[in-house]
Amino acid sequence: MIARCISIAVLTASMWIWGQEAPANPHGEIKWTCNSCHTTSSWQEMKSPLEFDHQETGFPLVGEHKFAKCAGCHQDLKFSQLGVACADCHTDIHRSQFGQDCQSCHTPDSWENNGEMIELHASRGFPLVGTHAIADCQACHLNEQNNEFSGTPIDCNGCHLSDFALTVNPSHARANFQLDCESCHQPLAFKWSSTTFEHAKTFQIRGAHKSADCNSCHAETFIGTSAECISCHRDEYNTSSNPNHVVAGFPGECNICHNEFNWQDATFDHLRESGFELREAHAQLDCMTCHENNQFSLPRDCIGCHQDDFNAARDPNHQQSNFPVDCMICHNQRAWTPADFDHNQTGFPLTGQHAVLVCSSCHENNNYTTLPTDCYSCHDTDFQNVTQPNHVQNNFSRDCLQCHNTNGWQPAVFDHSQTNFPLTGAHVPLNCIECHSNGYTNTPTDCFSCHESDFNGVQDPNHVQNNFSHDCMQCHTTTDWENVSFDHSQTNFPLTGAHVPLNCIECHSNGYTN
């Protein structure tokens, strides 16, 4: 066509030069001059941009038309004779099934554009949603040239019967499923495998069951499948070894111990199911530690399981000592050792140094039944060996608690106020031996017996020459020997007036008698 235009142009120019009449415009009757599109340099060289505006023809170039070559539509030079209907250029592959109004489904932007087609589909009773909205038309309308658009079924099995027949998880045919695909599959889903099947409330799918293959439970049928765990897990029940469920005669109610998330992590409520609560060390044990040889009818008392521990104990020897078999008296469930015996429950509470002793320190030869509770029975050697004071020679009482306590054998603290001679004044800091040089029995309690040398050695006044009474307390106190305080009012001559401040010698220069 371009070559033809060139030829006509050359001919027209020649005729114009020689004064001949120019031929008609090869493009037909159009209102644009040649130089609206062509240049003078060459008939084939077009202006850029063209001064020609296609919109003025009544057919604006939009969408893909903007990029089409002129010759793609204008295959004839007579531009004015070109039709503007879609069918004038585009072959109707639908064979006039949908009329000549192509733009009811298609747009100039893309021949494949189906925006209007989606609306049209909805108006025909089959909305395009989910994966249908992005499917190629030919995926469903396989033989559109044979008038298949109007007769395409709108129910799922009309197109997906082969999918139904080929399913394996689960096999729809073997399970005798109905052809109502939408009871499990949703048109909005983008995958055929994305189902919304609601399992019966009698057996809700949870935990590991969610990821299980349907056929793993529904091997033969989907109708009448038992909801009991054992119906599917019989092999796990039979092959279990820790503990052996079969030998132990465990019930088939798996959910007593197991859950739906993990078959291995069993949690048996030992208190509720057996009446024996597992606490502390017991809670950490493997089942078979107690239930040897799959014996599950075990005693509830400690000795029933710990007889060997009881017999093997040596410190102390439980058998020789004839200990009771109530292990909880000394032991707890945290650990077999150390034992924690509450000595306060006996007639001899442990205090002071006794509290830190090893049992055998007192209970020699595993004697736990006839051991005395008095101090002397255990401390007789200490009593015999004491030399200051010598307990044996002084015939001390064997009631050790009179002087000693459980905090320590030394120092001893004797309460002298419990005797007939309470210690006061200067007597308090004295060592015992200073008074008890001759022993601790029959020690006199009068002052003169201990202070005779003091009495005889006094010169001012001379107690011996003046024949003073041996009752030292008439003038002296235990606080201080030197500071005497004689009560003259106890005599026949009470001191009054100027006599009171006088020294004794001023009146008693010749003595204190007569």
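The values are calculated or read from the model by the stated rules, or taken from the named source; none is laboratory data. Please read all numbers here as calculations on a predicted model, not as lab measurements. Cβ: placed from backbone, ideal geometry, glycine included. Neighbour counts: every protein chain shown. In case anyone asks, the SASA skips ligands and DNA or RNA and just uses the protein heavy atoms, side chains included. Shrake-Rupley method; radii C 1.70, N 1.55, O 1.52, S 1.80 Å.
Numerical summary
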item: His282, sole failed condition from (1) open to solvent by 70 Å² or more (accessible area, probe 1.4 Å); (2) at pLDDT 85 or above; (3) not in a loop (DSSP other than H, G, I, E, B); result: (1)
item: Boolean, Gln388 is in contact with a strand residue (DSSP E or B) (Cβ under 7 Å, 6 or more places away or on another chain), in contact (Cβ under 8 Å) with a residue 24 or more places away in the chain, more than 28 Å from Arg279 (Cβ to Cβ) and open to solvent by 60 Å² or more (accessible area, probe 1.4 Å); result: no
item: Hits in segment 238-259 (condition: open to solvent by less than 50 Å² (accessible area, probe 1.4 Å) and within 22 Å of Gln204 (Cα to Cα)); result: Gly252, Cys254, Ile256, Cys257, His258
item: Elements of type helices (runs of 4 or more DSSP H) contained in segment 394-512, each with 2 or more residues being surrounded by 12 or more Cβ atoms within 10 Å (Cβ to Cβ) and among the aromatic types (Phe, Trp, Tyr); result: 447-457
item: Candidate set: segment 463-501, residues that are hydroxyl-bearing (Ser, Thr, Tyr) and more than 21 Å from Cys450 (Cα to Cα); chosen: the one modelled with the highest pLDDT; result: Thr496
item: Output for segment 45-74, where each listed residue is exposed (fewer than 13 other Cβ atoms within 10 Å of the Cβ) and either more than 28 Å from Trp111 (Cα to Cα) or within 60 Å of the chain's Cα centre (by Cα) (or both); result: Glu45, Lys47, Ser48, Glu51
item: Residue match in segment 260-269 (condition: surrounded by 14 or more Cβ atoms within 10 Å (Cβ to Cβ) and among the acidic types (Asp, Glu)); result: yes
item: Single condition Ser42 does not satisfy, out of (1) open to solvent by 50 Å² or more (accessible area, probe 1.4 Å); (2) under 20 Å from Pro26 (Cβ atoms); (3) small (Gly, Ala, Ser); result: (1)
item: Subset of segment 359-385 (residues that are free of Cβ contacts under 8 Å to residues at least 40 places away in the same chain, closer than 16 Å to Ser321 by Cα and either open to solvent by less than 80 Å² (accessible area, probe 1.4 Å) or assigned to a loop (DSSP other than H, G, I, E, B) (or both)); result: Ser361, Cys362, Thr370, Leu371, Pro372
item: Which numbered condition Gln333 fails, given (1) touching a residue at least 12 places away in the same chain (Cβ under 8 Å); (2) open to solvent by 70 Å² or more (accessible area, probe 1.4 Å); (3) not hydroxyl-bearing (Ser, Thr, Tyr); result: (2)
item: Residue that is modelled with the highest pLDDT [pool: residues in segment 307-325 that are in contact with a His (Cβ under 8 Å, 6 or more places away or on another chain) and surrounded by 13 or more Cβ atoms within 10 Å (Cβ to Cβ)]; result: Phe310
item: Single condition Ser274 does not satisfy, out of (1) under 29 Å from Gly304 (Cβ atoms); (2) modelled with pLDDT of 85 or more; (3) open to solvent by less than 70 Å² (accessible area, probe 1.4 Å); (4) polar (S, T, N, Q); result: (2)
item: Residue in segment 428-450 that is farthest from the chain's Cα centre (by Cα), counting only those that are closer than 18 Å to Gln474 by Cβ and in contact (Cβ under 8 Å) with a residue 24 or more places away in the chain; result: Phe448
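Okay, residues lined up against (1) farther than 25 Å from Glu228 by Cα; (2) exposed (fewer than 11 other Cβ atoms within 10 Å of the Cβ); (3) at pLDDT below 80:
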{"site": "Phe164", "(1), (2), (3)": "yes, no, no"}
{"site": "Pro170", "(1), (2), (3)": "no, no, no"}
{"site": "Ala175", "(1), (2), (3)": "no, no, yes"}
{"site": "Ser193", "(1), (2), (3)": "yes, yes, yes"}
{"site": "Glu198", "(1), (2), (3)": "no, yes, yes"}
{"site": "Phe203", "(1), (2), (3)": "no, no, no"}
